Structures are given as C-alpha cells and as structure tokens.
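S.K.: The structure that follows is given in the form of structure tokens.
The values are calculated or read from the model by the stated rules, or taken from the named source; none is laboratory data. For clarity, every value in this text was computed on a predicted model and none was experimentally measured. Cβ: placed from backbone, ideal geometry, glycine included. Neighbour counts: every protein chain shown. Surface areas here come from the heavy atoms of the whole protein model, side chains and all, with no ligands, DNA or RNA. Shrake-Rupley method; radii C 1.70, N 1.55, O 1.52, S 1.80 Å.
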Amino acid sequence: MQLRSHAPSGATLLISLLALPQLTSAFYLPGVAPTSYKQDDAVPLYVNAIRPVGDADSVLHSVLSWDYYHPTFQFCAPEGGGQPVGESLGSILFGDRIKTSAFELKMKHNETCKKQCEVTYGKNAAQFINQQIQEGVSLNWLVDGLPAGQKTIDVLSDTEFTNPGFLLGEQLDDGRIKFNNHYDIVIEYHEVNGNNGQYRVVGVIVQPESRKYTGEIGPDTCNTAPDIVELSETGDTKVRFTYSVYWIESTTAWATRWDKYLHVYDPKIQWFSLINSSVIVIFLVLTVMSVLVRALKKDIARYNRLDQINLDDLSGTSVLEDGVQEDSGWKLVHGDVFRNPSHPLLLSVFLGNGTQLFVMAGFTIAFALLGFLSPSNRGSLGTIMVLLYTVLGFVGGYTSARMYKSLHGEKWKLNIILTPLLVPGIVFAVFFLLDLFLWAEESSGAVPFTTMLVLIFIWFLISVPLSFAGSWLAFRAPAIEPPVRTNQIPRQIPPVTTYLKPIPSMLLVGLLPFGAIFVELYFIMTSIWFSRIYYMFGFLFLCYGLMIITCAAVTVLLVYFLLCAENYNWQWRAFLAAGTSGGYIFLNALIYWVTKLSLSGFAGSVLYIGYSALISFLFFILTGTIGYFASWLFVRKIYSSIKID
C-alpha cells in the first residue's frame, strides 16, 4: 500500500498554502463560487477514506480509517486507478484522502441498476471486511463538495437530518453479516434562477443495499434479487457491484444546502450547560470581587495610613505592625513577592507558547463564529489553526523573552532557541510516533511523509524566524520592573493549611475551568471520534470566554490566599494550578474511553490515549498561561497601590 499517494506533493501543498489568489475560495460564504451544470454534464463523484462511526449501540470499536481503494476492499476503480484530488493541509491532517471514482453521474440523467465490476473475495478478505462491518465503518463519498449520506431521525428532538456517510454493511438480528454491493444514489438539484438550463446540486442521499445476483444484470435486475450478499470466511465469494442514480428537483437553495447536515444533538443540554456555567462564573467573579476588593481596599488604606504616621517610639510602631500582621499578611512579603521563581527559563518558554495558543484559539473561534470556516471548505479549520500558530510565532517569542528578561534570566540565547522548538518539538515528536502506528496498520489516517516535511519546512521557514524576531525585540526593550524592591535574604515561609498545599490547591483550581467547558468538550470529542460535523462555534465561543474568566478568577483567588499566608512562591503555583484543567481533560478522555469506546486493537488504544494526552498537554499550557498572567497583573496591581518605605 503506497501511503505517499494519499496526498499531493510537498511543493503543491506549500504553493496552495501561500498563494494569495486562492483566498477567495478558501472561505465559504453563502452564494460564493457555486458550480452550475447543464443537462447531461458530468458531475464528479469523489470517494474519501473509510471511517469508523460506531455500531448500532453508538459504541466505537476502532479509530483507524482506511483508503477507499485498499487492496482488501477491492472496490471498483476507474481506469488507471483512483487519482488523488487536491486537498488542503488541514484536510490531510484530519484524515481526508479524496480520490476519483468509477461512478458516472450525468446531470438529470437517471440510471437504473448499472453494473460496475465483479470481484472475488477470499476468506482472509472476508474476515477483515466482516470485522469492519461489525465495528461499524462507513463509506464516504463527495458529490459537488457535498458528503453523500443517509437520512436520519433524531429520536430526542424528532427532527430529520442527513448524516454524512453510509454503512459498509450491517449485522442482522439473526447474526448474519450482509455486505452492501448496490447503491441507490438520490441527488437533489435545482435550476438556477434567471438562467434556464443551468442546474446545481443541493443534496446527496445514498441508500446502500445488499443484493445477490445470479444471472445477467439488467435495468430490472436490482429489484428482483431478494437474497443478501454474505462474504464467506471459508472460501471465495464473487460479488458484483451495481448502482442506480435518481435526480430529484428540490426547492432547497444552494446557499442553504448544508443546513440539512448541521444537526444539534440535544441542544437543551448545551443551553443548560451554558446557563449553568454562566451562573457559576458570575457567582465566582462576584465572590472574588467581594473578597478581594473589600479586603484589599481595607488593607491598602490601613497600610498607607500607617506609613503616614510618624511615631517616635519604635515599640509603638512594632505594635501597629503586629496589629496589621494579624489582619493580613500579604504586605509582609512585599520584599519577596517578585523574587525570581525556580526554572525561569522553562516557565518563560511555556508562557510564550501559551500566549501563542491563546491568540490562535481566539482568532480561530472568531473566524469560525463569523462563518469563514464552513464545513463546505474541507480542512479549513485545521489549515487556519496551523497557519495562525505559525504566524503567531512572533507573539510567542516576544512574550517569552519579555517575561524571561523580567525574571532576570541570563541564558537569553537558550530562551530564543527553546521558545519555538521545545513545545512544538514535543508535539511533533508525539504526533510522529503516533503516525508510525498508523503506518504500521496501513491506515489511511497516517499523514504522508511529504506532508510531514512540508510542516517542518513551513515551521523553520516562517515560525522560527518570526519567533527569533519577537525575542530580539523583547530583549532590546527595557525590562519590566516590579513595583517594589526585592530583599536580598529570602523570607521564611510558614506552614500553610491543607487546602493551600500544592496538590489540593491544584485539584480545586483546575476543576472549575474544566467545568465551564465540560459539556461542549463532550460534543467536540464525539465529533472527532465518531466523524460527525461540529459547527456550534457560538456555544464554543461563549464557553471559551467563560473558561478564561473562570480560570483567571479562581487563580487570582488562590494567589491572594497564598500571599495572605505569607507564601510568596506564587508564579509556578499559579501556572500549575490553572494548568491542572488539562489533567482533568485527560481524565475525562479516559472516562470517555471506558464508557463510549470499545477499541479492539492495541494500536487504536495507543492512538486514542496519545492524541488525548497531546490535546491535554496543549490545554495545560493554555490554561496555565491564562492563570499566570491574571495573577501577575493582580500582584503588580496590589503592590503598586501601597507605599513601601
């Protein structure tokens, strides 16, 4: 199996990513760039990777996808074999392997029981295909950019929608496994207004059937084949593939043809979750404001009043200081609160990459919310994420160097090098190792080696130089000076209560931001692993905002309690406590693995755990950065508001 044939060449990919004239087709807006056909014009049908979608009980048994023309499936191919169709970088990374097919579709031209080819399946192929049918894999076709699917009724909302893809076969109640070898292709079209004789495709439905043919195949043969096709696991099985095409005029407008695919599974749960998260955030923010604003105003007023009193008796001064110390202890550590933390280089590198992720996520969600990343443009979401993170290397380098300089770091050359290489290097290494498992399984989900080289080339050509430029500007800028001086001798830290110890505080702080996105995370994971279309970016935008507010508020509250307990080591505590949300995401992924997945192979389990760990690691850096900068601004604000002798 030649995996390299799944994608265009590296040069083609790079040109497609960097060519500005292609921007007009990179974003989908209603009414832009439709394709019109005349009667009997050829309408291409492309085939995509074969993906698992779960069995009848909505349990996923595999995460491996297969090339449509995998030798074991032996699907009918056009002369010369299925040729790859140009794809975007994001489309390739998300597992699309689009190729030409042997299906011949002509606008408004019906076909009945047209024969494609005849193949013979051996017992090994039959065992493999029957296993795939039991695991619930689906075929994926594209007609004029629309995924061919089946009409489905959501029992919860009693609404009909089109589910992309259709099953390879089905296991019957009596235990028999039928293999679908006939396809009824129903294509909806409408005539272009004001342009007679021009038609556009607005819907594609495929009804697969299993029909065992015994004689010659004619127009009426498909309706007179009552037996089903069962692939024998003890001998050879001959199978003849057929298809029918039916064109139906529809009133659906071209601009709204995707509406039937965009279905919300139980929207009440999402609204309930959003309202619940909003109430929690409002309550949390009000609590933080009441605790901090009232306490800080009282403390700052007392401290400033105390500094204005000129007392000749030193013992009297110490009595007042003791009185202040009994009320609050955060001023007592003013000489240590801006002391450099341990491992400032690693912290600054994480903060730089976290800022890069934060800005990238914000821009991506905003673009998707405005409709620029429609599912009609396959892979646009992945492409824009990669390109944004690459271009935002300047932001990451600048932030990392600026923070490292404020922490009085001395290894500035190492900081410049590690910022664009450490976190992306970890991500790429894990991604490459997981890709080796896909290559070993001959899965079409394996990213071609040429695409890997393109990613490395783009990274070192664009992101690394931009990061170096940002770091250079940051190191030339004046250092961010703390509002108070740091003592030469560190102050002794007294013992703290249980909830302020590292592990309990991390578990408490990380739980709340995770709770703000928990339900939306479930829908995202279902979309990823069950091959469903996710488009509820409005909910995602609100959840992302709630997560930021929650993460910042709860981390600031932790830092305030730490300072009141005279613990001035807040930098890493703030980053790690907020970043623990990533640990909860990984724990949630493991629970999802146990409850919703039943992966049969070792490779599938490794891939699922590996990708989940990768996502959790990036989320750890993202939320840790949000928590750190919220705490950093808070600490600078309160210590710049008091007078220190």
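S.K.: Sort out which residues of the stretch 47-105 are open to solvent by less than 40 Å² (accessible area, probe 1.4 Å), small (Gly, Ala, Ser) and farther than 30 Å from LEU388 by Cα, and write them in order of number.
M.R.: Residues satisfying the conditions are GLY54, SER62, GLY81, GLY82, SER101, ALA102.
S.K.: Determine whether MET385 is open to solvent by 30 Å² or more (accessible area, probe 1.4 Å), in the same structural domain as TRP632 (by the TED database) and either part of a helix (DSSP H, G or I) or among the acidic types (Asp, Glu) (or both).
M.R.: Working: open to solvent by 30 Å² or more (accessible area, probe 1.4 Å): yes; in the same structural domain as TRP632 (by the TED database): yes; either part of a helix (DSSP H, G or I) or among the acidic types (Asp, Glu) (or both): yes.
In short, yes.
S.K.: Return a yes/no flag: does the stretch 188-199 have any residue that is closer than 18 Å to PRO52 by Cα and among the aromatic types (Phe, Trp, Tyr).
M.R.: Within the stretch 188-199, the first condition is being closer than 18 Å to PRO52 by Cα, and the residues that meet it are none.
The answer is no, given that none of the residues of the stretch 188-199 is closer than 18 Å to PRO52 by Cα and among the aromatic types (Phe, Trp, Tyr).
S.K.: List the strands (runs of 3 or more DSSP E) that sit entirely inside the stretch 113-211 and contain at least 3 residues that are open to solvent by 30 Å² or more (accessible area, probe 1.4 Å) and modelled with pLDDT under 90. Write out each step before concluding.
M.R.: Values: elements: 137-139, 141-143, 149-154, 159-164, 169-171, 177-179, 182-191, 199-209.
Per the criteria, 149-154, 159-164.
S.K.: Identify the single condition in (1) open to solvent by 40 Å² or more (accessible area, probe 1.4 Å); (2) polar (S, T, N, Q); (3) in contact with a helix residue (DSSP H, G or I) (Cβ under 6 Å, 6 or more places away or on another chain) that ASN569 does not satisfy, given that it satisfies every other one.
M.R.: The number of the failed condition is (3).
S.K.: With the requirement that a residue be closer than 30 Å to SER138 by Cα and in contact with a Pro (Cβ under 9 Å, 6 or more places away or on another chain), what does the stretch 488-538 give you?
M.R.: Answer for the stretch 488-538, where residues must be closer than 30 Å to SER138 by Cα and in contact with a Pro (Cβ under 9 Å, 6 or more places away or on another chain): TRP529, PHE530, SER531, ARG532, ILE533, TYR534, TYR535, MET536.
S.K.: Right, something else. Pairs under 8 Å by beta carbon, first residue more than 11 Å from PHE468 (Cα to Cα) and in a loop (DSSP other than H, G, I, E, B) in the stretch 404-426, partner open to solvent by less than 20 Å² (accessible area, probe 1.4 Å) and of a type in the set (Ser, Thr, Tyr), six or more apart or different chains?
M.R.: Within 8 Å, the pairs are LEU407/SER348; GLY409/SER348.
S.K.: Take the conditions in a helix (DSSP H, G or I) and open to solvent by 40 Å² or more (accessible area, probe 1.4 Å) and apply them to ILE489. Does it pass? Walk me through it before giving the result.
M.R.: Working: in a helix (DSSP H, G or I): no; open to solvent by 40 Å² or more (accessible area, probe 1.4 Å): yes.
It is false that ILE489 is in a helix (DSSP H, G or I) and open to solvent by 40 Å² or more (accessible area, probe 1.4 Å).
Condition check ((1) over 28 Å from TYR608 (Cβ atoms); (2) open to solvent by less than 20 Å² (accessible area, probe 1.4 Å)) across all residues:
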| residue | (1), (2) |
| --- | --- |
| CYS551 | no, yes |
| CYS564 | yes, no |
| ARG573 | yes, no |
| GLY583 | no, no |
| ALA589 | no, yes |
| VAL594 | no, no |
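S.K.: If you don't mind, another one. I'd like the full set of residues that are surrounded by 13 or more Cβ atoms within 10 Å (Cβ to Cβ) and not in a loop (DSSP other than H, G, I, E, B), limited to the stretch 468-486.
M.R.: PHE468, ALA469, GLY470, SER471, TRP472, LEU473, ALA474, PHE475 - these are the residues of the stretch 468-486 that are surrounded by 13 or more Cβ atoms within 10 Å (Cβ to Cβ) and not in a loop (DSSP other than H, G, I, E, B).
S.K.: Here is a further query. Regarding ILE528, is this residue without any contact (Cβ under 8 Å) to a residue 12 or more places away in the chain, surrounded by fewer than 20 Cβ atoms within 10 Å (Cβ to Cβ) and part of a helix (DSSP H, G or I)?
M.R.: Working: without any contact (Cβ under 8 Å) to a residue 12 or more places away in the chain: yes; surrounded by fewer than 20 Cβ atoms within 10 Å (Cβ to Cβ): yes; part of a helix (DSSP H, G or I): yes.
For ILE528, the condition - without any contact (Cβ under 8 Å) to a residue 12 or more places away in the chain, surrounded by fewer than 20 Cβ atoms within 10 Å (Cβ to Cβ) and part of a helix (DSSP H, G or I) - is met.
S.K.: Here is a list: VAL291, VAL349, VAL281. Which entry is open to solvent by 40 Å² or more (accessible area, probe 1.4 Å), in a helix (DSSP H, G or I), modelled with pLDDT of 65 or more and in the same structural domain as GLY515 (by the TED database)?
M.R.: On the way: VAL349 fails: open to solvent by 40 Å² or more (accessible area, probe 1.4 Å); VAL281 fails: open to solvent by 40 Å² or more (accessible area, probe 1.4 Å).
Testing whether each residue is open to solvent by 40 Å² or more (accessible area, probe 1.4 Å), in a helix (DSSP H, G or I), modelled with pLDDT of 65 or more and in the same structural domain as GLY515 (by the TED database) leaves just VAL291.
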